[in-house]
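Here is the structure we will look at.
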Amino acid sequence: KEKHKILHRLLQNST
Amino acid sequence: SHLLGAEPEKVYAMPDPALPDDDIKALTTLCDLADRELVLNIGWAKHLPGFSSLSLPDQMRLLQSAWMEILILRVVFHSLDAQDSLVFAEDYVMDTEQAKRTGLLELHVAILQLVRKYRAMGLEREEFVTLKAIALANSDSMHIEDVEAVQRLQDCVHEALQDYEQHRHGDDPRRAGKLIMTLPLLRQTSAKAVQYFCSIKQDGRIPMHKLFLELLEANT
């Protein structure tokens, strides 16, 4: 998961 | 109408005028455009009915498998009215000669095959947005946690396509199936594109943004 932190962060953002 | 409303805004390629007009510039422009589109596509996915209720790992797996198919479908749809050119953005159209010079010819030819297929069918915007959602839901990731939830998402977008075709193309009962049958070529073309950009990445001559790199790495 650490390898895909940007995807992870963008999916978590509530935009 | 939900899918039409969720469509991401238009993106411009904005090639750097300070760079000399060569293959490095073309590939840099494409990788930068792809990175920005990916950010928008993640926002788009979150608007698909049922996507956000999937677990975060499953959302990630679908996107990691389907991102290039989604990018390519957009180029294909925007290129339907162009003649042997690919419309990557309103301000970035590439013809076969340019593709040849950039080392993109094989990919260019493969994407044009999709363009011709959809042009012959008269692909409509409603069908394009639904196919994009189907490509995401049907990305065949190997490690889905909740297979049933992903199946529900697939059923939902599949049903949307069938409903649309029944109402708009009742005279061609096979149209939904014909559209679905274009997806293997999309998958194949996407694999070619990922392979190509992975080799570009290994060359190390083209600057790539982090999200684009992250997703390329998810496929290797």
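No value in this document is a laboratory result; all are computed from the given coordinates. Here the structure is a predicted model, which is why all the values come from computation and not from measurement. Neighbour counts are summed over all protein chains in view; Cβ atoms, including those assigned to glycine, are modelled from backbone coordinates with ideal geometry.
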message: What does the extension gain come out to for B:Ser53 and B:Leu80, with contour length at 0.36 nm per residue minus their alpha carbon separation?
response: 6.3 nm
- request: Obtain the nm distance between the two label points defined at A:Asn13 and B:Arg152 by a simple spin-label model: each point lies 7 Å from its Cα along the Cα-to-C-beta direction.
  value: 2.8
task: For each of B:His108, B:His143, count neighbouring Cβ atoms within 10 Å of the residue's Cβ, then give the residues from fewest to most.
output: B:His143, B:His108
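Counting pairs of alpha carbon atoms under 8 Å apart in space and at least six apart in sequence, what relative contact order in percent does chain B give?
It comes to 29 percent, rounded to a whole number.
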- prompt: What shape does chain B have by the C-alpha gyration tensor, where a ≥ b ≥ c are the square roots of the eigenvalues, rounded means a/c under 1.5, and otherwise prolate means a/b greater than b/c and oblate the rest?
  reply: oblate
- line: Here the whole-number average of other chain Cβ atoms within 10 Å per Cβ of B:63-70 is 1
message: Using Cα springs under 10 Å in a Gaussian network model of chain B, which residue among B:Ala99, B:Ala82, B:Ala110 shows the largest mean-square fluctuation?
response: B:Ala82
Candidates per chymotrypsin sites (Phe, Trp or Tyr not before Pro) in segment B:11-107, loop by DSSP, up to 12 other Cβ within 10 Å: B:Tyr12
query: Spin-label point model (7 Å from Cα, Cβ direction): what's the B:Ala191 to A:Lys5 distance in nm?
result: 3.3
query: Taking the Cα-to-Cβ direction at B:His167 and at B:Ser199 and moving 7 Å from each Cα, how far apart do the two end points lie in nm?
result: 4.6
statement: Candidate span helices, chain B: DSSP H, at least 27 Å along axis from Cα coords, Kyte-Doolittle average at least -0.5, result B:23-46, B:56-78, B:183-203
Under DSSP loop assignment and at most 11 Cβ neighbours within 10 Å, longest trypsin sites (Lys or Arg not before Pro)-free interval of chain B: B:11-173
task: Apply 1/(1 + (r/R0)^6) to the Cβ-Cβ distance of B:Ala120 and B:Ser141, taking R0 = 35 Å, and write down the FRET efficiency to the nearest 0.05.
output: 0.70
- prompt: Over segment B:75-167, what relative contact order in percent results from Cα pairs under 8 Å that are six or more residues apart?
  reply: 21
statement: Taking alpha-carbon centroids only, segment B:98-177 lies from segment B:1-63 a number of Å equal to 17
- prompt: For segment B:143-201, with only Lys/Arg (+1) and Asp/Glu (-1) charged at the beta-carbon, what is the dipole magnitude about the Cα centre, in debye rounded to 20?
  reply: 500
message: I need the GluC sites (Glu not before Pro) found in segment B:54-99, filtered to DSSP loop residues with at most 11 other beta carbons within 10 Å of theirs.
response: B:Glu90
- request: Rank these for me by crowding, B:Ile70, B:Ile206, going from fewest to most other beta carbons within 10 Å.
  value: B:Ile206, B:Ile70
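Among B:Ser85, B:Ser139, what is the fewest-to-most ranking by other Cβ atoms within 10 Å?
Details: B:Ser85 18, B:Ser139 21.
Result, fewest neighbours first: B:Ser85, B:Ser139.
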